[in-house]
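Report on the structure given below.
The values are calculated or read from the model by the stated rules, or taken from the named source; none is laboratory data. Note that the coordinates shown come from a computational prediction; the quantities given were computed from them, not determined experimentally. Glycine gets a Cβ as well: all are built from the backbone with ideal geometry, and neighbour counts include every protein chain shown. Each accessible area value is taken on the protein alone, full model and side chains, heavy atoms only, with ligands, DNA and RNA left out. Shrake-Rupley method; radii C 1.70, N 1.55, O 1.52, S 1.80 Å.
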Amino acid sequence: MGWSRGGARAALAVLALAVLAPACGRPGAEVAPAGGQQPLEAPPARALDAYATKLRAAHAARAAAARRWGLRRVPLTAPPPPARKPRITTRDGFEVEGHRRLDLPPVFTTVPTGDRVVFLTIDDGAEKDPAFVRMMRELRVPYSAFLSDYLVKEDYGYFGKMRDDGAGLHNHTLRHPYLPALSHARQKREICGMQEVMEKRYGKRPALFRPPYGNYDKATLRAAKACGITHVPLWNAEVFADRWEYREWDRALHPGDIVLTHFRGREDWKGTMPDMIRRFLHKVTAEGYAVARLEDYL
Ligand SMILES: [Zn+2]
């Protein structure tokens, strides 16, 4: 449940923006005390009025959650999913030989969009911190998890809760190998094998695959395609509990950027997963970006 938003109609979406604009729609909006909402003027119809009331309640809940989790600002609300999906192509320099001719899945680090949104992706599955699941549920911030079975099998139920909250669960191989060192057949076992685990445990074969370490070759993409993978999202920035790292020289966020992080805790990091999410949301919100669902743009 939660923030899956397939059914929102355009009129409602416009209204949603209008309703949320006073408190949520600009960067720098401070966490306001409860009850600080602007009244809605002249609702056009009762259904829209009810919808607006629901949105205001959702925003108030999000503002309260932001305070509870120690955020300086309320995360911005993402625009409705694009009616026409962007055309995703492989980033320059990331192609393999015959990429287009063989119609291999695109490898990309940023989604081409004019929307001021970024996407949060979380890899592997080592840390299983219940506070992280609660935090994301309460803040209603979407994310996609790229799971590797050797870590996830310690507690499949933990990641099932994320799926129930609306997160996308995707393929990051069975054992997290450096794929280019493996034959095509062994790469296919790593990727197709994980598709089967995901279907058995979570009821769905993922469409998205991320190769461990971001390393792949032509055999990887051929195997991924044969296993039913349509897209290979990498990342343009990475966030840790104590810092950011960037692929680009400008060290900035761009519309449509995919952000990488990991399921890690104090054993690997100078902080917890909630610390990492606070660092992530602080920069994203301060720079005027909302977090959108990657799956809505693909
Ligand atoms: Zn990984």
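Structural remarks
- One residue from Y202, Y156, Y216 being farther than 22 Å from L102 by Cα, among the hydroxyl-bearing types (S, T, Y) and either open to solvent by 30 Å² or more (accessible area, probe 1.4 Å) or within 15 Å of the ligand (Cβ to nearest atom) (or both): Y156
- G271 falls short on exactly one of the conditions (1) part of a helix (DSSP H, G or I); (2) surrounded by fewer than 19 Cβ atoms within 10 Å (Cβ to Cβ), and that condition is (1).
- Looking across the stretch 110-151, just one residue is surrounded by fewer than 21 Cβ atoms within 10 Å (Cβ to Cβ), assigned to a loop (DSSP other than H, G, I, E, B) and within 14 Å of the chain's Cα centre (by Cα), and that is R140.
- Taken over the stretch 40-87, the residue count meeting the criterion of being in a loop (DSSP other than H, G, I, E, B) and closer than 20 Å to A290 by Cβ is 16.
- Residues located in the stretch 230-244, provided they are more than 15 Å from the ligand (Cβ to nearest atom) and either open to solvent by 10 Å² or more (accessible area, probe 1.4 Å) or over 25 Å from A207 (Cβ atoms) (or both): T230, H231, A241, D242, R243, W244
- Qualifying residue in the stretch 97-106 (condition: in contact (Cβ under 8 Å) with a residue 60 or more places away in the chain and within 16 Å of the ligand (Cβ to nearest atom)): no
- Candidates T261, T285 - the one that is within 25 Å of R116 (Cβ to Cβ), surrounded by 22 or more Cβ atoms within 10 Å (Cβ to Cβ) and touching a Lys or Arg at 6+ places or on another chain (Cβ under 7 Å): T285
- Residues of the stretch 219-228 satisfying the condition of being away from the ligand (no atom under 16 Å from the Cβ) and open to solvent by less than 50 Å² (accessible area, probe 1.4 Å): A219, L221, A223, C227, G228
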